[in-house]
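Okay, structure first, notes after.
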Amino acid sequence: MPMAGGAAFLANPALDRRRAYGAAEQAILSLAKAAQAHHAIAAWDGYRPTPMMSLANLALETGVAEVLYKHEAHRFALKSFKALGGAYAVERLVAARGSAAGLTVTCATDGNHGRAVAWGARRLGVEAVIYVHETVSEGRAAAIAGFGAEVRRVPGNYDDAVRTSAQAAAVNGWTIVSDTSWPGYDLIPRDVMQGYAVLALEAEGQGARPTHVFIQGGVGGLAAGVLSWYWESQGADRPVLVVVEPDKADCLLASAAAGRWTSVGGDLDTIMAGLACGEPSELAWTLLSPGADAFMAIPDALAAGTMRLLAGQGIAAGESGVAGLAGFRAVAADPAMRTLLGIDAASRVLCIGTEGATDPAIYREIVGRDAAEVEREAP
């Protein structure tokens, strides 16, 4: 369904809110394993829950009771939530082996996941080889190398880099630590997604009781991780969950429209680089297909405008980090969408700000100021 501002919306035709979160779902992600992930991550040096910010002015403007924004810009040294996934999966891998000796991990990345895997590998003494595709910015590639990983650039888009990484792993005996899954590769992605569920655990501990969650898409791992927490803990009473993607990389919306896992082609050229994925994670789709309430695709202009809006409130948020909030703003401005999703004056909306200014040059180009300057001027 087209919306004003160039966004597109699809209520999930496969949604079944009466469906219990049963043994099949728990075998992928569970509350018990989320608690285990939180216990492990909380033991890392520098751990603290990321701040939960109340966007009171935006709540007033959009006519809801509350808009909460969980700001991941200072999660460890990574400027994004991805440490909860990639670095946690590396730790699980080393623990299962009993040693880091002789271990090399690899993955493909648009930037943040590779940075997390590289950081997790360095802290445990593991070698890392990270593949980036041709449109990943030099700033993001350099940040990965800064954590000691070997960075290899390959032609094509993110999905091409995934295939190249998998081929290299098979040839060299490396271990893939990916945030997406495919047939024959689905164990490590469970650890990655399970780490992402810690965001919902933290949010609940910080007092968040959302009626609606607007969450980034990408391959679907983050959305599935957050959905799993609310679905298992609250069942049919869980928040309405809307998955938001770039309109140039809307593989989850396309899958929902097709009624099956599907991919989208093209160069996936969007400023929301961390979400520039053409193929969903099959594991994530297994949960999102029956469990997500709706899917959205938004143009870059909505993300850029939301970055500038947050900058005016002293919050330096990256291009991919604002997608969920940008999706909510688009819905809030559309009376039909508000009615469809049950958004009213009593609604409490949660968005995850998944990254800060992970590429300072791109952030400056979009916002017109440096991230440090924005944060210094915070009200």
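Quick note: the coordinates plus some simple rules give every number you see, no bench work behind them. Quick caveat: nothing in here was measured; it's all calculated off a predicted structure.
Structure notes:
- The alpha carbon centroids of the stretch 175-245 and the stretch 344-373 are separated by 20 Å.
- The stretch 86-178 - Debye-derived log10 I(q)/I(0), Cα point model, q = 0.10, 0.11, 0.17, 0.19 Å⁻¹: -0.21, -0.26, -0.61, -0.76
- Between helix 158-172 and the chain there is an angle of about 20 degrees, using the helix long axis and the longest principal axis of the Cα atoms.
- Between helix 86-97 and the chain there is an angle of about 40 degrees, using the helix long axis and the longest principal axis of the Cα atoms.
- The stretch 85-113 and the stretch 33-77 have Cα centres lying 24 Å from one another.
- Between Tyr47 and any residue 5 or more places off or on another chain, the built amide H atoms are never under 5 Å apart.
- Under a Gaussian network description of the chain, with springs only between Cα atoms under 10 Å, the residue in Leu60, Leu325, Leu268 that fluctuates furthest is Leu60.
- Cα long-axis angle, helix 323-332 against the chain (0 to 90 degrees, to the nearest 10): 10
- Rounded to 5, percent antiparallel among DSSP beta bridges of the chain: 25
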